[in-house]
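Enquirer: Below are the structure tokens for one structure; questions will follow.
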Amino acid sequence: MKQALQWQDYEPEQAALVNAWLDREAIRNTGLDDGFDAFYQYWKNETDPARGESFWCKLVSEEQRPFAAVAYAAFRQTVTVMEIVVDPALRGQGKGTAVVTELVANAADWIGRPLTVFEAVIFPHNTASQTVFYKTGFVPVSDEKDNDRWRRTADTTELLFRYAAKTPPTAPDRPVRRLGPEERALFNRHLRLCQQKPMTGKRWRQIIQADIGYYGLFVDNEMVARACIEKLTDRYWEISDVRVANAFRNRGCATAIVAFLTDEILSRGKIPTIRTEKDNAAMRKVIQKLRFRPFSEDNDDATI
């Protein structure tokens, strides 16, 4: 990837510059109460390879003007983004997103080995940083006890969209409803209709516990389409796992259920998002019809 930004090693003499970016908001969202250099010195001298092997700290500039500091570590094939601090004067302009995008695109070349997973540590209340990492392909890790770890795989075949219209979409004229915890048998009948394997009781309980809401669209009392809502950030709720049984495709079922879930999310005061593979022309047509637009067009920014 061509770099639009300039990356250089952080040096202790730059501590005053970076510390000037640590306003009250940045300290709250990073925990860098003792300043950035104290954080740098600790991890530079950390000997535990599970935490500190291959640690880098960079000062990032645009047109020779430094505006961000980023620290990351690599262990085996995983890179963990540990901290990012952005100049307060430049927040809200997409700078944090630009830093994360370039880091993900170039880290394998910089580090000199294949990388399959990127992680980030984000405080649960840091909604701005959640947005930056969500835009760049990260999602919360739901199978861990802590709630501050986000993860991105190396897969770049998906596109992320957000709802852009000022009014809700037209409600479908077909029955759509949320499935209850006791309706796994109904869900499995739908899976068989889609020629998919039934869901185990353990996996169904995990979905219920994670508050992932599955919805079904019904035709003649048969559940022929599904989709779910995942509350990935405090601001953005994602419409996921949209699927229509083969025999009912090209009848507007996908449009109807996505429109219903979009309205449901808007009614909760959240912003709907949806993602799909780049080569899924049918789903992209549905997304565009319902007035979603690429998430990359937004300039949310963060102190991380």
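Enquirer: Report, by residue number, each residue of the stretch 172-196 that is under 21 Å from I271 (Cα atoms) and surrounded by 13 or more Cβ atoms within 10 Å (Cβ to Cβ).
Expert: Keep residues of the stretch 172-196 that are under 21 Å from I271 (Cα atoms), which gives 172, 176-178.
Those that are under 21 Å from I271 (Cα atoms) and surrounded by 13 or more Cβ atoms within 10 Å (Cβ to Cβ): P172, V176, R178.
Enquirer: Looking at (1) buried (at least 17 other Cβ atoms within 10 Å of the Cβ); (2) of a type outside the set (G, A, S); (3) at positive phi, which is the one condition that is false for N221?
Expert: (1)
Enquirer: Of the numbered conditions (1) in contact (Cβ under 8 Å) with a residue 24 or more places away in the chain; (2) in contact with a Lys or Arg (Cβ under 6 Å, 6 or more places away or on another chain), R177 satisfies every one except a single condition; which is it?
Expert: It is condition (2) that R177 fails.
Enquirer: Considering only residues that are modelled with pLDDT under 85 and small (G, A, S), which ones fall in the stretch 145-180?
Expert: Once the filter is applied, which keeps residues that are modelled with pLDDT under 85 and small (G, A, S), the stretch 145-180 yields A154, A171.
Enquirer: Out of all the residues in the stretch 141-151, is one or more buried (at least 16 other Cβ atoms within 10 Å of the Cβ) and assigned to a helix (DSSP H, G or I)?
Expert: Initial filter on the stretch 141-151 (buried (at least 16 other Cβ atoms within 10 Å of the Cβ)): 149-151.
Narrowing the set further to residues that are assigned to a helix (DSSP H, G or I) leaves none.
No, every residue in the stretch 141-151 fails to be buried (at least 16 other Cβ atoms within 10 Å of the Cβ) and assigned to a helix (DSSP H, G or I).
Enquirer: Based on what the data block shows, is T200 touching a helix residue (DSSP H, G or I) at 6+ places or on another chain (Cβ under 8 Å), closer than 30 Å to D148 by Cα and polar (S, T, N, Q)? Steps first, answer last, please.
Expert: Working: touching a helix residue (DSSP H, G or I) at 6+ places or on another chain (Cβ under 8 Å): no; closer than 30 Å to D148 by Cα: yes; polar (S, T, N, Q): yes.
For T200, the condition - touching a helix residue (DSSP H, G or I) at 6+ places or on another chain (Cβ under 8 Å), closer than 30 Å to D148 by Cα and polar (S, T, N, Q) - is not met.
Enquirer: Another one. Applying the selection to the stretch 229-254, what residues are surrounded by fewer than 19 Cβ atoms within 10 Å (Cβ to Cβ) and assigned to a helix (DSSP H, G or I)?
Expert: Residues satisfying the conditions are N246, A247, F248.
Enquirer: Same structure, new question: Residues that are in contact (Cβ under 8 Å) with a residue 40 or more places away in the chain: list the helices (runs of 4 or more DSSP H) wholly contained in the stretch 10-88 that include at least 2 such residues. Can you show your working first?
Expert: Values: elements: 15-19, 24-30, 36-44, 49-52.
So the answer is 15-19, 24-30, 36-44.
Enquirer: Of the numbered conditions (1) touching a helix residue (DSSP H, G or I) at 6+ places or on another chain (Cβ under 9 Å); (2) modelled with pLDDT of 95 or more; (3) of a type in the set (A, V, I, L, M, F, W, C), A256 satisfies every one except a single condition; which is it?
Expert: The single condition A256 does not satisfy is (1).
Enquirer: In the stretch 207-228, is there at least one residue being in contact (Cβ under 8 Å) with a residue 60 or more places away in the chain, of a type in the set (A, V, I, L, M), under 18 Å from R268 (Cα atoms) and in a loop (DSSP other than H, G, I, E, B)? Lay out the reasoning, then the answer.
Expert: So the first thing to find is which residues in the stretch 207-228 are in contact (Cβ under 8 Å) with a residue 60 or more places away in the chain, and the list is 210.
Now narrow it down to the ones that are of a type in the set (A, V, I, L, M): 210.
Then drop every residue that is not under 18 Å from R268 (Cα atoms), which leaves 210.
Still in the list and also in a loop (DSSP other than H, G, I, E, B): 210.
Yes, because at least one residue in the stretch 207-228 is in contact (Cβ under 8 Å) with a residue 60 or more places away in the chain, of a type in the set (A, V, I, L, M), under 18 Å from R268 (Cα atoms) and in a loop (DSSP other than H, G, I, E, B).
Enquirer: Does T131 fit the bill of being β-branched (V, I, T) and either under 16 Å from Y236 (Cα atoms) or modelled with pLDDT of 85 or more (or both)? Show your work before the answer.
Expert: Working: β-branched (V, I, T): yes; either under 16 Å from Y236 (Cα atoms) or modelled with pLDDT of 85 or more (or both): yes.
Considered against the rule, which asks whether it is β-branched (V, I, T) and either under 16 Å from Y236 (Cα atoms) or modelled with pLDDT of 85 or more (or both), T131 comes out as yes.
Enquirer: To continue, here is another question. If I ask for residues that are β-branched (V, I, T) and assigned to a helix (DSSP H, G or I), which ones from the stretch 171-206 would you list?
Expert: Of all residues in the stretch 171-206, those β-branched (V, I, T) come to 176, 200.
Hits for the stretch 171-206: nothing passes.
Enquirer: Looking at F187, F218 in this structure, which one is of a type in the set (F, W, Y), modelled with pLDDT of 95 or more and more than 27 Å from the chain's Cα centre (by Cα)?
Expert: Values: F187 fails: more than 27 Å from the chain's Cα centre (by Cα).
None of the others qualify; the one that does is F218.
Enquirer: For the stretch 197-205, state whether one or more residues are touching a residue at least 40 places away in the same chain (Cβ under 8 Å), surrounded by fewer than 16 Cβ atoms within 10 Å (Cβ to Cβ) and in the same structural domain as D241 (by TED's automatic domain parsing). Give the steps one after another, and end with the answer.
Expert: First, pick out the residues of the stretch 197-205 that are touching a residue at least 40 places away in the same chain (Cβ under 8 Å): none.
Checked against the condition, which is being touching a residue at least 40 places away in the same chain (Cβ under 8 Å), surrounded by fewer than 16 Cβ atoms within 10 Å (Cβ to Cβ) and in the same structural domain as D241 (by TED's automatic domain parsing), the stretch 197-205 yields no hits at all.
Enquirer: Okay, moving on. Please give the number of the condition V244 fails out of (1) within 23 Å of K285 (Cβ to Cβ); (2) in contact with a helix residue (DSSP H, G or I) (Cβ under 8 Å, 6 or more places away or on another chain); (3) modelled with pLDDT under 95.
Expert: For V244, the failing item is (3).
Enquirer: Quick one: is T276 modelled with pLDDT under 95, closer than 13 Å to L160 by Cβ and part of a loop (DSSP other than H, G, I, E, B)?
Expert: On the way: modelled with pLDDT under 95: yes; closer than 13 Å to L160 by Cβ: yes; part of a loop (DSSP other than H, G, I, E, B): no.
Here the answer is no, as T276 does not meet what is asked.
Enquirer: With the requirement that a residue be of a type in the set (G, A, S), under 16 Å from L5 (Cα atoms) and either in contact with a Phe, Trp or Tyr (Cβ under 9 Å, 6 or more places away or on another chain) or modelled with pLDDT under 90 (or both), what does the stretch 97-116 give you? Let's see the steps before the verdict.
Expert: Narrowing the stretch 97-116 to residues of a type in the set (G, A, S): 98, 105, 107-108, 112.
Restricting the remaining residues to those that are under 16 Å from L5 (Cα atoms) gives 98, 105, 107.
Passing the criteria: only A107.
The values are calculated or read from the model by the stated rules, or taken from the named source; none is laboratory data. Every value quoted in this text rests on a predicted model; they were computed, and no experiment measured them. We place every Cβ from the backbone using ideal geometry, glycine too, and count neighbours over all the protein chains shown.
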